[in-house]
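The values are calculated or read from the model by the stated rules, or taken from the named source; none is laboratory data. Bear in mind that the values here come from a model prediction, so they are computed numbers and not experimental data. Neighbour counts are summed over all protein chains in view; Cβ atoms, including those assigned to glycine, are modelled from backbone coordinates with ideal geometry. Each accessible area value is taken on the protein alone, full model and side chains, heavy atoms only, with ligands, DNA and RNA left out. Shrake-Rupley method; radii C 1.70, N 1.55, O 1.52, S 1.80 Å.
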Amino acid sequence: MAGGSIGLLAKGKIPEDFSKGIFRAMGLCVIVIGVAGALTIVAGEVTGNLILIMAAVTLGALAGTLARFDAGINRFGAFLQKKLTKNEENNGFAEGFVTASLLFCVGAMSIIGPIESGMSGELPKLLIIKSILDGVTALFFASRFGIGVLFAAAPVLIYQGAIELTASLIPVSVDVTTDVIAQVSAVGSVLILAIGLNMTLDAKIKTANLLPALLFAVGFYYLFSLFGMV
C-alpha cells in the first residue's frame, strides 16, 4: 500500500510512451521470473514433475473457465471501481486490482515466506524481502492503473495470512512440505509467465482462470505419490 500510494502521486504525470515502455519492460522481467522459476524448480534439487505441471495447469484452466473465475474477479474489481471512483471506464481500477493481486499471490515467495514464518516463529526475512519487491512493483503499477492496485493488499493479506496461520498450527513433514511447495511453485511460475505475456504483448490470457491449477498441483502431488511418480 505504501508503494502504491507513492505511485498514485505519479499517475498522470508520466508521459504515456514512457509509462508504456516501463510497463512493458516490467512485463519482460515478469516473464523472466516465471521462466526462471519453472526451470529452477524442474531442474533443481527439488524437482517439479512436468507431467504434473501440465495436468494441473490444463485441468485448472478447464475448472477456472467453467467456474468463470476471471469474470467473477473482474466483476468484483468493477464493483469496487464503481463504488470508489467517479470515472468507471478508463481508470484501470479493475485491471490494476486483478493484475496486482495475481502477481503478488501466485509466486513461490508468497507460499514459502508464510510457511517459513509460521513454522519458525522467527523474523520473517523472506516476507520482508517480498514486501519490498511488491512495494516497488505496486509503485509502477499504481502510476499506470491507479488506486485499484492498493486494494490488492487485501487478497495478499488473506492468502498469505491463511498460509502462515495454517503452517503455525498444523505439524507437517519438512520433506513433504518442500516437495509440495516445489509443485505449487512450478505451477505458479506458469501463471506468472502468463501475467508477463499479458503485460508485454497484451496477450489477453485470462490468468485468473488458471488459479485452480494451484489446488490441482497439491492434489496431483499426492495422487502421483501413490504411484511413485514423484
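Things worth noting here:
- Qualifying residue in the stretch 83-103 (condition: in a helix (DSSP H, G or I), surrounded by fewer than 17 Cβ atoms within 10 Å (Cβ to Cβ) and at pLDDT below 85): yes
- In summary, Lys204 fulfils each of the numbered conditions (1) open to solvent by 30 Å² or more (accessible area, probe 1.4 Å); (2) part of a helix (DSSP H, G or I) with the single exception of condition (2).
- Filter result for Val190 (open to solvent by 30 Å² or more (accessible area, probe 1.4 Å), within 26 Å of Val57 (Cβ to Cβ) and either touching a residue at least 12 places away in the same chain (Cβ under 8 Å) or of a type in the set (Asp, Glu) (or both)): yes
- Residue in the stretch 211-225 that is at pLDDT below 85 and either surrounded by 21 or more Cβ atoms within 10 Å (Cβ to Cβ) or assigned to a helix (DSSP H, G or I) (or both) present: yes
- Restricting Gly161, Gly135, Gly148, Gly228 to those that are surrounded by fewer than 17 Cβ atoms within 10 Å (Cβ to Cβ), of a type outside the set (A, V, I, L, M, F, W, C) and farther than 20 Å from Ala108 by Cβ reduces the list to Gly228.
- Of all residues in the stretch 97-130, those satisfying the criterion of being under 17 Å from Gly4 (Cα atoms) and not β-branched (Val, Ile, Thr) are Phe97, Ala100, Ser101, Leu102, Leu103, Phe104, Cys105, Lys130.
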